[in-house]
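Input: a single structure, listed below in structure tokens.
The values are calculated or read from the model by the stated rules, or taken from the named source; none is laboratory data. The structure displayed is predicted, hence computed values, not measured ones. FYI the Cβ positions are ideal-geometry reconstructions off the backbone, even for glycines, and counts take in every protein chain you see. When the accessible area is computed, the model is the full protein with side chains, heavy atoms only, and any ligands, DNA or RNA have been set aside. Shrake-Rupley method; radii C 1.70, N 1.55, O 1.52, S 1.80 Å.
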Amino acid sequence: MATAENTLAFSGGWEYAPAPESTDHIEVASRYGLFIDGDFVRPEKGRYFDTINPATEERLSRVALAGPEDVDKAVKAARKAYSSVWSRMKPAERGKYIFRIARMLQERAREFAAIESLDGGKPIRESRDIDIPLAAAHFFYYAGWADKLEYAFPGRRPRPLGVAGQVIPWNFPLLMAAWKIAPALAAGNTVVLKPAETTPLTALKLAELIADAGLPPGVVNIVTGAGDTGSAIVEHPGVNKVAFTGSTAVGKRIQKALAGGRKSYTLELGGKAANIVFADAAIDQAVEGIVNGIFFNQGHVCCAGSRLFVQESVADEVVEKLSQRMETLIVGDPLDKNTDIGAINSKMQLDKIRDYLKVGEAEGGSLHQASGKLPRKGYWCRPAFFTGVSQSSRVVQEEIFGPVLAIQTFRTFDEALEKANNTPYGLSGGVWTDKGAKIFRMTQGLKAGVVWANTFNKFDPTSPFGGYKESGVGREGGLHGLDAYLRLGE
Ligand code: NAD
């Protein structure tokens, strides 16, 4: 299996010997069909598309392109499985299947992690330590609820909705699939899921694992394709619930398509999180949090801390430390265990990030970008930040979805809060201070679904996640995430 040519261990003068994760243990087929009714089947029209490794630009596999006729087959299989097996099964039995998926994911974690990094470009450290363990944790968590729904929602007679149509993005491919599939199954629904077109492989591997786990055919169906396949799922009359994670632009289109209909839906959309650093914060710790907040997963994170607000008296110190730290980040081969920043997921995304770098400068911002060399092939972006930008700058207002931070300063608490809330988004935020009272005031004032205090980008299956304003409708995770897959009566 080809990997990026080399890792450029440019890290403030330190050279690290490459430490690549082996790919000997993984199997990627040269072609994948659609997982419908328990089997991999050919797409009706026989069309396939390439999925590539963004670190080498080489093809990893060819994947079926599902048309409306394939989506229809998948929805019908899900309906049959719902009516004849899954909704009738004893909840404790359903739970056993979901526990089995969780355990098998743990057993095959190394394989899933390597494939996630190959297909998506994220550093192996992240896929190994975050994506795959968290995906397994979601299956474990929701498996536990399957036979306790009456306790989760006492006196509400919880019943499943039917067939869930689920569409997910490319930034956390397996984790997003777990966020969607695990609660849906625990609640007694069946599923048709579509992964993003640039990262279909771990969802297809999950399909294999689900077949190996012996799940009844049709309970989970995985169809691959791009936007048209997604909209065929969303608009299919046999789907009872739509769960979408992706951009706000597509989310709005979906919301319009569903308006006035009977399908229930949850939309998890974009973000432009504020990370707020007060002068009394532990500065070194805050700098690490800023780095984690925006450079983690190449900034391909909906809740990335992409706007930084620093109290004026410590702004020079924070910017200087951040600049030094940025120089030590290793950009390169996603499979290398030394790598901090892997490949940008696609050429299209890289072009978008580069455009924003130009926009920020044209708007009068000062661009500071790390200086290391980049591998010759593949899609790469050095970490960067802007200073001298204003509230109206596009790099401050719009979601870039890359390793690019916009820095502004503030003097007072109220100014920080007002600036932080001045965005159409409201997914997440962060506050760094030594004072508990400031944390409480800030978390109450910030219009965001999740606010981290003296940390950033921490996830747990028991905790609900989702946004306000244009960041979405509904919540995933925790009991809120289960509720979204149930009809609750009195
Ligand atoms: P995207 O909206 O372009 O695509 C997301 C998915 O929707 C893909 O599978 C795509 O094929 C499909 N799709 C595209 N057009 C569609 C249509 N008309 N109907 C139905 N499906 C359609 O988003 P992306 O670029 O893949 O992902 C990045 C976005 O996802 C960012 O905006 C990010 O903030 C957001 N995101 C949000 C969360 C969250 O929990 N709020 C989590 C991860 C990512």
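Structure notes:
- Amide H contacts under 5 Å for ASN275, placed H, 5+ residues apart: ARG307, LEU308, PHE309, GLY430
- Nearest 10 degrees, 0 to 90: helix 109-120 Cα axis against the chain principal axis: 70
- On Cα atoms only, tilt of 68-81 relative to the major axis of the chain in degrees: 60
- Neighbour-limited loop hits for trypsin sites (Lys or Arg not before Pro), the stretch 347-397 (at most 12 other Cβ within 10 Å; DSSP other than H, G, I, E, B): LYS373, ARG376
- DSSP bridge orientation in the chain - percent antiparallel, rounded to nearest 5: 35
- Whichever lysines have a C-alpha closer than 20 Å to that of LYS45, once near sequence neighbours (fewer than 8 apart) are set aside: LYS73, LYS76, LYS194
- Lysine pairs within the stretch 274-461, Cα separation less than 24 Å, 8 or more sequence positions apart or different chains: 26
- The stretch 160-165 - phi-based ³J(HN,Hα) in whole Hz, Karplus 6.51/-1.76/1.60, Gly and Pro as x: x, 8, x, 9, 9, x
- Remark on GLN166: its backbone amide H falls under 5 Å from those of VAL192, LEU193, LYS194, ALA243, a criterion applied only to residues 5 or more positions apart or on other chains, H modelled at 1.01 Å from N.
- The packing ranking, built from the mean of other Cβ atoms within 10 Å per residue, places the peptides 428-439, 30-41 in the order 428-439, 30-41, highest first.
- Axis angle, to the nearest 10 degrees, between helix 248-258 and the longest C-alpha principal axis of the chain: 30 degrees.
- A simple count of charges around LYS469, restricted to other residues whose Cβ falls under 11 Å of its Cβ and scoring Lys, Arg +1 and Asp, Glu -1, yields +1.
- Separation of the stretch 400-445 and the stretch 154-176, taken as the distance between their Cα centroids, equals 30 angstrom.
- Couplings 3J(HN,Hα) of the stretch 214-231, computed from phi: x, 4, x, x, x, 5, 10, 10, 10, 10, 10, x, 10, x, 5, 5, x, 6 Hz, in residue order, whole Hz [Karplus 6.51 cos²θ - 1.76 cosθ + 1.60, θ = phi - 60°; x for Gly and Pro].
- Cα convex hull volume per residue for the chain (Å³): 137
- Extension gain (nm, one decimal) between ASP280 and GLU58, 0.36 nm per residue minus Cα-Cα: 75.1 nm
- Global geometry of the stretch 358-442, whether rounded, prolate or oblate, following the gyration tensor of its Cα atoms and the 1.5 cut on a/c: prolate
- Per residue, the solvent-accessible area of the stretch 50-89 (1.4 Å probe, heavy atoms of protein chains only, all protein chains present) comes to 42 Å².
- Residue-averaged [θ]222 nm for the chain, counting only DSSP H segments that reach four residues, each worth -39500 (n - 2.57): -11500 deg cm²/dmol
- Calculated accessible area for the stretch 274-461 comes out at 38 Å² per residue, all protein chains present (probe 1.4 Å; ligands, DNA, RNA ignored).
- Largest-first principal axis extents, alpha carbons of the stretch 274-461, Å: 49, 36, 32
- Karplus (6.51, -1.76, 1.60) ³J(HN,Hα), θ = phi - 60°, over the stretch 261-268, in Hz, Gly and Pro reported as x: x, 9, 6, 8, 8, 10, 10, 10
- Amide H contacts of ASP336 (H built 1.01 Å from N, in plane; Pro and chain starts excluded): GLU21, ILE124 sit under 5 Å, all sequence-distant by 5 or more or on other chains.
- When each of the peptides 239-247, 60-68 is scored by the mean number of other C-beta atoms lying within 10 Å of its residues, the order from highest to lowest reads 239-247, 60-68.
- Order by protection proxy (mean Cβ within 10 Å, highest first), peptides 75-82, 297-304, 110-117, 258-265: 297-304, 110-117, 75-82, 258-265
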